[in-house]
1. Could you check, for the stretch 335-344, whether at least one of its residues is closer than 23 Å to residue 422 by Cα and either more than 24 Å from the chain's Cα centre (by Cα) or modelled with pLDDT under 90 (or both)?
2. Taking the stretch 46-77 on its own, how many of its residues are under 20 Å from residue 111 (Cβ atoms), under 15 Å from the mean Cα position of the chain (by Cα) and small (Gly, Ala, Ser)?
3. Going through 78, 87 one at a time, which residue ends up being within 25 Å of residue 153 (Cα to Cα) and modelled with pLDDT of 95 or more?
4. Taking the criterion of being surrounded by fewer than 24 Cβ atoms within 10 Å (Cβ to Cβ), within 27 Å of residue 426 (Cβ to Cβ), modelled with pLDDT of 95 or more and over 21 Å from the mean Cα position of the chain (by Cα), would at least one residue in the stretch 275-297 satisfy it?
5. Quick one: is residue 100 surrounded by 20 or more Cβ atoms within 10 Å (Cβ to Cβ) and in contact with a Leu (Cβ under 8 Å, 6 or more places away or on another chain)?
6. Across the stretch 169-205, which residue is nearest to residue 26 (Cα to Cα) among those that are surrounded by 15 or more Cβ atoms within 10 Å (Cβ to Cβ) and modelled with pLDDT under 90?
7. Within the stretch 157-168, is there a residue that is in a helix (DSSP H, G or I) and buried (at least 24 other Cβ atoms within 10 Å of the Cβ)?
Amino acid sequence: MSERLSARAGIGWFGIFRLGTVQAAIGAMVMLATSLLNRVMVVEYAIAAAIPAALVAWHYGVQLSRPLWGHSSDRSAMRSPWIIGGMGLLALGTLVTVDATIMMAGGGVLPVIIAVVGFTLIGLGVGMSGTALLALLASRVMVERKPAAAAISWTMMVAGIVVSAGISGAWLDPFGEARLAIVTSAVALVAFCIAMLALHGLERNGLPVAASSHGKTADFPEVLKEIWRDGKARRFTYFVFISMLAYSMQDLILEPFAGLLFKMTPGESTQLSGIQHSGILVGMLATGVGGSLYTRKFGQNLKLWIVLGCFGSAIMLAGLSAAAVTGTEWPLKANVFGLGLANGIFAVAAVSAMLSLASDGKASGEGARMGVWGAAQAVAFGAGGLIGAVIVDQLRGRMGSDGAAFQAVFAIEAMMFVIAAVVATGTSLTRSSQSGKAVRI
C-alpha cells in the first residue's frame, strides 16, 4: 500500500496507543506460559528443566507460520479479525497449558503431549495476532510517527509483562493448583477482553487493507518469491536474524554470570535483570521520541539509530567480557544498564525499519513482509538463549574457568552485533513518502 493511502487512512496517536494496549495484552498472556508456568513446572513439580525449555523453543518454532498469517491478513478487508482470532488462540493455548501443567504433578506422558498442544496454540496465536497488528501499524501509520509507534507498542508490551507478572505473583501465594488455575485464567480472560475493547471500531472508517490489487490476488508462494528476490528485503532479514540472535544469547547466562563471578545472591541477580530492563525501556523511549523528532526535521534515517544501538550493544558486551576477567571491581550494574539502553535503541529502530520497509512490496503486502521478518526474529529468539547457555556449559567444562567461558560468549555476542551493524549499513532504501520526498532508511 502506498504511503499516500496510508496517510489518508492514518491511525492517530490514540489509535497507536490502542494497538499498544493490544501488545500489552499479548505480552501478559505470553508471560504466563513462558515465565510463570515454566517456573511452576521446574520448582513446584520438579519437572526436568529441559521440558519447559523445549516447549518455549517449540512455540517460537511454530511462529514460522507468521508469513502465512501476514499474507492472509493482506488479502482481507480488515486486519482486526486476525488480531482477535490470534488473541483467542493465545488465550486458549494458555488455558490448555495451565491444565497440562497441573496434570504434570501426577507424572506420565499425556500431560507433556497436552502441553505441546497448548504451546502450539500459543505460538500460532502470537504469530497471527502479532503479525497482523504490526502490519496494521505499518500500513496505517504515517512515516514520521513510525519510530514513536514502535516505541509505544514495545514499551506497552513490556509493561503488560510487568503488570501481569506482578498481579499473578501477588495472587498466587500461597500456591495451590486451584489458585493457579483461577489466577492464570483470570489474567488471560482480562487480557483478551482488553484487546477486544482496544480494537473495537479501530478500522471502521479506514480504507480497506487490501487496497492493492496485486497484494490481494497474488498467491502465497508468489509473495514469498518476490520478498526473497528483493535484495534489500533479504538483507534486512539477515540483519533481523543476526541482531536478534545476539540480543537473545545473554538471556539465560547474565544472572548465572552475576552469581558465579560477582557472588550475587538470587535476589541481587534478579535486581540486575530489572536494571537491564530499565535500560531497555529508557532506550526504547529515547529512540521513539528522538527518532520521530529527527524524522520531522531531517527525514527518516533509521539506519543511524540501528547502527548506534548495535555498536553500543557491542561496546557494552565487550565491557562484560572484560568484567569476566576483572571480577568484582568492574561497575557491573552500570554496564548492564548501558547494555539495556543500547538494546532498547537498536530494538525500536529495527522495528521502526520493519514498519517502514513493509510497504515497499508489489505482490507482497505489509503482512507478508512483517511475517517474514517476524519469523526470522522468532527463530533467533528461540535459538539464542539456548545457544548461549550451551556454549557457556561447554566452555566451562573444557576451559576449567567460569570467567574465560563467559568472556568468550560475551565476545561472540559483541562480534555478532558488529556484523549486524555492517549488514544494516549495506541495507538502504530510497522511496517516496506521502509528501513525495525521498525517504532513506
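The values are calculated or read from the model by the stated rules, or taken from the named source; none is laboratory data. Remember, it's a predicted structure, so these values are computed and weren't measured experimentally. Using ideal geometry, Cβ is built from the backbone for each residue, glycine included, and neighbour counts are taken over all protein chains shown.
1. First pass over the stretch 335-344, keeping only residues closer than 23 Å to residue 422 by Cα: 338-344.
Cutting the leftovers down to either more than 24 Å from the chain's Cα centre (by Cα) or modelled with pLDDT under 90 (or both) gives us none.
Looking for residues that are closer than 23 Å to residue 422 by Cα and either more than 24 Å from the chain's Cα centre (by Cα) or modelled with pLDDT under 90 (or both), one finds none in the stretch 335-344, hence no.
2. Going through the stretch 46-77, the residues under 20 Å from residue 111 (Cβ atoms) turn out to be 46-59, 62.
Adding the requirement that they be under 15 Å from the mean Cα position of the chain (by Cα) leaves 56-57, 59, 62.
Now restrict to residues that are small (Gly, Ala, Ser): 57.
Residues flagged as under 20 Å from residue 111 (Cβ atoms), under 15 Å from the mean Cα position of the chain (by Cα) and small (Gly, Ala, Ser) within the stretch 46-77 amount to 1.
3. 87
4. No, the conditions are met nowhere in the stretch 275-297.
5. Working: surrounded by 20 or more Cβ atoms within 10 Å (Cβ to Cβ): yes; in contact with a Leu (Cβ under 8 Å, 6 or more places away or on another chain): no.
Criteria not met by residue 100.
6. This residue is 202.
7. In the first step, residues of the stretch 157-168 are kept if they are in a helix (DSSP H, G or I); the result is 157-168.
From the residues that got through so far, the ones that are buried (at least 24 other Cβ atoms within 10 Å of the Cβ) too are 160, 164.
Within the stretch 157-168 (the criterion being in a helix (DSSP H, G or I) and buried (at least 24 other Cβ atoms within 10 Å of the Cβ)), the answer is yes, since at least one residue qualifies.
Okay, residues lined up against (1) in contact with a Gly (Cβ under 9 Å, 6 or more places away or on another chain); (2) in the same structural domain as residue 357 (by TED's automatic domain parsing); (3) of a type in the set (A, V, I, L, M):
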position	(1), (2), (3)
106	no, no, no
114	no, no, yes
117	yes, no, yes
128	yes, no, yes
132	yes, no, yes
136	yes, no, yes
141	yes, no, yes
